[in-house]
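Presented below is the structure to which this report refers.
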Amino acid sequence: MPVLIQSVDRGSPAQRAGIRPGDTLVAIDGHPINDVLDYRFYLANSHIRLELLRGGKPYQAALRKGEYDDIGLEFETYLMDKQHTCKNKCIFCFVDQMPPGMRPSLYFKDDDSRLSFLFGNYITLTNLTEGDIDRIIEMRISPVNISVHTTDPALRVAMMKNPRAADSLRWLEKLCRAGIRVNTQLVLCPGYNDGPALEKTLEDLGRLWPNLQSIACVPVGLTRYRQGLTPLEPFTQAGAARVIDTVHRFADRMQREHGERVAYPSDEFFLKAQRPLPPASYYGEFDQLENGVGLLALLEDEFTQAMEADDSADAAADLTVVTGVAAWPLLRSLADRVERKHPGVRLRVQAVVNRFFGELITVAGLVTGQDILQQLAGKPLGQGVLLPGVMLRHEQDRFLDDLTLEELQSRLGVPVTAVENDGWTLYSRMCGRG
């Protein structure tokens, strides 16, 4: 599928070769270019020949560059193709639980293997073909992040409402046997894929080690917008504890036999079970941070390092720290440590209850601007407000409900600073620095 070139970087190898915006890229070294994976894979050589069209007429351009260097072409979209949508109707899908009237991008369900490679998104394998799997193997695309949920074929079909959910499990094994590294996630729903079903899934995935490099177990997220959807219950304290115990029995054995735990409950399970979070050393290489696995342990570990490295005594600040309900105990304890070390620092830590999505949603990343505004309005906030950067979209300019950071700051009447998820940065900001 020929791809239209939108722009050419000034001074790039492509511009020096005479390629212009409006030209169409057809092939590289004789290989047709259909999307970004083809483009990046066949672009790797230091000497390449491009086949192009200009005004419908074919021409060629020979380029020399550093191996793996870019050549300076920009296309209409980063995928150079339409984004692949999800064909499943999962009983736990968060997008189906979104309230009406939000920005269109929040209702889009992606299930695109190219986004897994480029940005770490999770895919279900249900909309891939044998040819797609072979291309991943040929291009050595690794790691691939896969939403498994269960290895029981019938149960996977029942949970994902897609008959292809059963057959596509075979590609998980094919990828691992071919040497492709895989990270997996299991969204656990009480009464469905926990208990014995979870035990089976862990055992099945464990047999694919070492290329099956990690398993994240996360609890289903339930908003207040579930009308007409499959009835689901949240995990209780006892249920969360059982999940942790099940995962630990498996992970302890993997640790003894292979030197790696492989499977991890997310931070939410420890918080729901009211059990202490494991130390940072428990999480190995932190392969599943984006799934909330080890996020709080890493934050605390980095924070401790920053505090121990700080030999100054000049910190002075009066701030309010905003977080979700789940992380409040940890943030309060970190704030207490700062106040003990620096008497000139005062930190209020505000847990924002999620009224927008419902009180069962307790993670900071789903807190909206309007909930922050309503729950902080009229309260003494000191010199400013600190909030986690995960509350904002990638552009760091607005919350899920489209309230902008500038609007929140204006209406609260104090500076509002988004803090990246890094313990060193958090410590510095709590001390009033930076």
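The values are calculated or read from the model by the stated rules, or taken from the named source; none is laboratory data. A quick note: this is a predicted structure, and the numbers were derived from the prediction, not measured. FYI the Cβ positions are ideal-geometry reconstructions off the backbone, even for glycines, and counts take in every protein chain you see. In case anyone asks, the SASA skips ligands and DNA or RNA and just uses the protein heavy atoms, side chains included. Shrake-Rupley method; radii C 1.70, N 1.55, O 1.52, S 1.80 Å.
Quick test of your reading of the structure: ILE48 fulfils all but one of (1) modelled with pLDDT under 90; (2) surrounded by 14 or more Cβ atoms within 10 Å (Cβ to Cβ). Name the failing condition by number.
In the conditions (1) modelled with pLDDT under 90; (2) surrounded by 14 or more Cβ atoms within 10 Å (Cβ to Cβ), ILE48 misses (1) alone.
Being modelled with pLDDT of 90 or more, out of contact with any Phe, Trp or Tyr (no Cβ under 7 Å at 6 or more places or on another chain), surrounded by fewer than 19 Cβ atoms within 10 Å (Cβ to Cβ) and over 30 Å from TYR122 (Cβ atoms) narrows it down to one of PRO2, PRO21, PRO13, so name that one.
Only one candidate qualifies: PRO21.
Give the number of residues within segment 361-391 that are under 26 Å from PRO234 (Cβ atoms) and either of a type in the set (Lys, Arg) or open to solvent by less than 60 Å² (accessible area, probe 1.4 Å) (or both).
15
Please tell me if ALA297 is under 19 Å from GLY389 (Cβ atoms), in contact (Cβ under 8 Å) with a residue 40 or more places away in the chain and of a type in the set (Gly, Ala, Ser).
So ALA297 does not fit the description; no.
Just give me the residues in segment 101-118 being under 19 Å from THR184 (Cβ atoms), open to solvent by 10 Å² or more (accessible area, probe 1.4 Å) and either among the aliphatic types (A, V, I, L, M) or at pLDDT 80 or above (or both), in sequence order.
Result: LEU118, single match.
Scan segment 255-280 and report the pairs whose first residue is closer than 22 Å to GLY239 by Cβ and whose second residue is charged (D, E, K, R), with Cβ atoms within less than 8 Å and a gap of 6+ or a chain change.
Here the result reads ARG261/ASP252; LEU277/ASP267; LEU277/GLU300, each pair linking segment 255-280 to a residue that is charged (D, E, K, R).
Touching a Pro at 6+ places or on another chain (Cβ under 8 Å) and surrounded by 18 or more Cβ atoms within 10 Å (Cβ to Cβ): is that true of LEU37 in this structure?
no
Identify the single condition in (1) closer than 24 Å to ARG140 by Cα; (2) open to solvent by 30 Å² or more (accessible area, probe 1.4 Å); (3) without any contact (Cβ under 8 Å) to a residue 60 or more places away in the chain; (4) not small (Gly, Ala, Ser) that PRO58 does not satisfy, given that it satisfies every other one.
(1)
Counting only residues that are within 19 Å of THR230 (Cα to Cα) and in a helix (DSSP H, G or I), which one in segment 130-159 is most open to solvent (accessible area, probe 1.4 Å)?
Filtering first and then ranking leaves ALA154.
From the list ASN88, ASN121, ASN162, pick out the single residue that is assigned to a loop (DSSP other than H, G, I, E, B), open to solvent by 10 Å² or more (accessible area, probe 1.4 Å) and at pLDDT below 90.
ASN121
For the structure I just gave you, tell me whether ALA251 is in a helix (DSSP H, G or I) and touching a strand residue (DSSP E or B) at 6+ places or on another chain (Cβ under 6 Å).
Here the answer is yes, as ALA251 does meet what is asked.
Going by the structure shown, is ASN183 in a strand (DSSP E or B) and not aliphatic (A, V, I, L, M)?
When the stated conditions are applied, ASN183 passes them.
Inspect all residues belonging to segment 358-378 and state whether any of them is over 30 Å from ALA263 (Cα atoms) and over 29 Å from the mean Cα position of the chain (by Cα).
Yes, segment 358-378 contains at least one residue that is over 30 Å from ALA263 (Cα atoms) and over 29 Å from the mean Cα position of the chain (by Cα).
Check every one of the strands (runs of 3 or more DSSP E) wholly within segment 1-60 and list those with 2 or more residues that are within 12 Å of GLY72 (Cβ to Cβ).
Qualifying strands (runs of 3 or more DSSP E): 3-8.
This table checks each residue for (1) at pLDDT below 95; (2) not β-branched (Val, Ile, Thr).
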{"site": "GLN305", "(1), (2)": "no, yes"}
{"site": "ALA316", "(1), (2)": "yes, yes"}
{"site": "ARG332", "(1), (2)": "no, yes"}
{"site": "ALA335", "(1), (2)": "no, yes"}
{"site": "VAL338", "(1), (2)": "no, no"}
{"site": "ALA364", "(1), (2)": "yes, yes"}
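In segment 326-338, what residues are in contact with a helix residue (DSSP H, G or I) (Cβ under 9 Å, 6 or more places away or on another chain) and either of a type in the set (D, E, K, R) or buried (at least 18 other Cβ atoms within 10 Å of the Cβ) (or both)?
Across segment 326-338, the qualifying residues are ALA326, ALA327, LEU330, LEU331, LEU334, ALA335, ARG337, VAL338.
Quick check on segment 165-179: of everything there that is more than 22 Å from PHE94 (Cα to Cα) and hydrophobic (A, V, I, L, M, F, W, C), which residue is surrounded by the most Cβ atoms within 10 Å (Cβ to Cβ)?
Per the criteria, the residue is LEU175.
Which numbered condition in (1) surrounded by fewer than 17 Cβ atoms within 10 Å (Cβ to Cβ); (2) part of a loop (DSSP other than H, G, I, E, B); (3) within 19 Å of the chain's Cα centre (by Cα) is the only one that GLY434 fails?
Here GLY434 meets the rest and fails (3).
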